[in-house]
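Notes follow the structure.
Nothing in this text is a laboratory measurement; each read-out follows from the coordinates by a stated rule. Just so it is clear, the structure is predicted and the values come from calculations on it, not from any experiment. Because the Cβ atoms are built from the backbone with ideal geometry, glycine has one as well, and the counts that use them run over all protein chains shown.
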Amino acid sequence: MTVSRRAMLAVGAAASVIPGLVAAQRRGSNAARFALKYAPHEGSFASRGGRIEQIAYAADQGFTAWEDNEAAGRTVAEQEQMAKALQQRGMTMGVFVASMPRWSQSRPVLGGNDEAEREGFLADVRQSLDVAKRLNASRMTVVTGFLDPKIPVEIQTARVIDVMRRAGDIVAPSGAALVMEPLNTRTNHPGVYMQSFAAGFAIARGVNSPAVKILADLYHEQIQSGNLIPSLQTCWSEIGYIQFGDNPGRKEPTSGEINYRNIVTWLKAKRYDGVIGMEHGNSLAGRAGEDRLIAAYHEIDQA
């Protein structure tokens, strides 16, 4: 039987996990915790069972946070079940999506001429507050819509600032924050309005509210702009949440070109205490991929 080089690397990486991890797994405890709050999601450990079983498994591997983009679409019972599971394991809830774009239709256009689209967006934000309360979530993802090629970008920017200011006013009394996600247009999301940390910074400064910040997804920024650490530094005052994912492929750190060890070192120097969403898939299928995922995070976490 021929063993691929990638499979050999996966085994080697899993075997080199920091001392104490294996013992912690046997004990079923959080003993070997990561230094930062990396947040897996449903599917990260698919071989271990359903959502609740995956949360338990993640906790036993030392993860102290969880992320669920789809949480707002789940039943109240499912939301409460997930919140209970996280509370029992002492895990922090990361983001969920407060207003899901209609990707196939390239809507909404928040900077366009249709006020109804902005009102629909704000209605989603209002409804998300109940979800956030159930989940003990302090951050909610929003996408600032798509571009209208017939309207000057400056006009659209002013309208996006206006609607995000209104959204911030809705959320601010809860103490939570909306985090706007810049997305890349070169690989995944052609036509979106917000395409870089810099664009998010401009909107966040225009809104000028602690309830409206940037979601810094490093996968998207690497594709669109690069220059990751300087961009984080420049926009740091407005960054409210971070997500990891390597490029190319949007898989776990160490699978691509991004030097996540350096980024983790920088975040530790910043004393970043927020959640880091693991917004990516696994580079290997099945349990080998899950083991590789855990090993990759221990590798960068030791930076």
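Here the 3J(HN,Hα) profile of the range 131-148, calculated from phi with Karplus coefficients 6.51, -1.76 and 1.60 at θ = phi - 60°, is 5, 4, 5, 4, 8, 6, 9, 9, 9, 10, 7, 9, 10, 7, x, 10, 7, 9 Hz, Gly and Pro shown as x. Under a 5 Å amide H cut-off, with hydrogens placed 1.01 Å from N, A39 pairs with I276, G277, M278 among residues at least 5 apart or on other chains.
Ordering Y241, W266, I229 by Cα displacement along the dipole of the range 213-275 toward the positive end leaves W266 in first place; charges were set at the Cβ atoms of Lys, Arg (+1) and Asp, Glu (-1). Our coupling estimate for the range 103-114, obtained by passing each phi through the Karplus curve with A = 6.51, B = -1.76, C = 1.60 and θ = phi - 60°, is 4, 5, 9, 6, 10, x, 10, 5, x, x, 8, 8 Hz, Gly and Pro reported as x. Spatial offset of the range 77-92 relative to the range 270-303 amounts to 21 Å, using the alpha carbon center of each. With respect to the chain, whose longest principal axis is taken over its alpha-carbon atoms, helix 51-60 is tilted by about 60°. In plain terms, the chain from E53 to K150 could stretch by 30.0 nm, reckoned as 0.36 nm per residue minus the Cα-Cα distance. Amide H to amide H, with H built 1.01 Å from N, I239 comes under 5 Å of I214, counting only residues 5 or more places away or on other chains. Charge dipole (Cα centre; +1 on Lys/Arg Cβ, -1 on Asp/Glu Cβ; no other charges) of the chain amounts to roughly 660 debye. Magnitude of the charge dipole for the range 166-303, about its Cα centre and with charges confined to Cβ atoms of Lys, Arg (+1) and Asp, Glu (-1), is about 220 debye.
A cut-off of 5 Å between modelled amide H atoms, ignoring neighbours fewer than 5 places along the same chain, links S99 with V143. Based on alpha carbons, the Rg and Dmax found for the range 149-234 are 13.2, 37 Å. Give the residues of the range 108-139 whose amide nitrogen is closer than 15 Å to a point set 7 Å from the Cα of R166 in the direction of its Cβ. Inside the label zone: 108-127. Of the options W66, S196, Y219, report the single residue whose Cα projects farthest towards the positive end of the charge dipole of the chain (beta-carbon charges: Lys, Arg +1; Asp, Glu -1). Ranked along the dipole, the leading option is W66. Considering only the Cα atoms of the range 152-303, their convex hull presents on average a projected area of 9.6 nm². Projecting the Cα atoms of M180, G43, V109 onto the charge dipole of the chain (Cβ charges, centred on the Cα centre) puts G43 farthest toward the positive pole.
Relative to the globular-protein estimate of 2.2 N^0.38 Å, the Cα radius of gyration of the chain stands at 1.00. Only helices enter the 222 nm calculation for the chain: every DSSP H run of n ≥ 4 contributes -39,500 (n - 2.57), and dividing by all residues gives -13500 deg cm²/dmol, rounded to 500.
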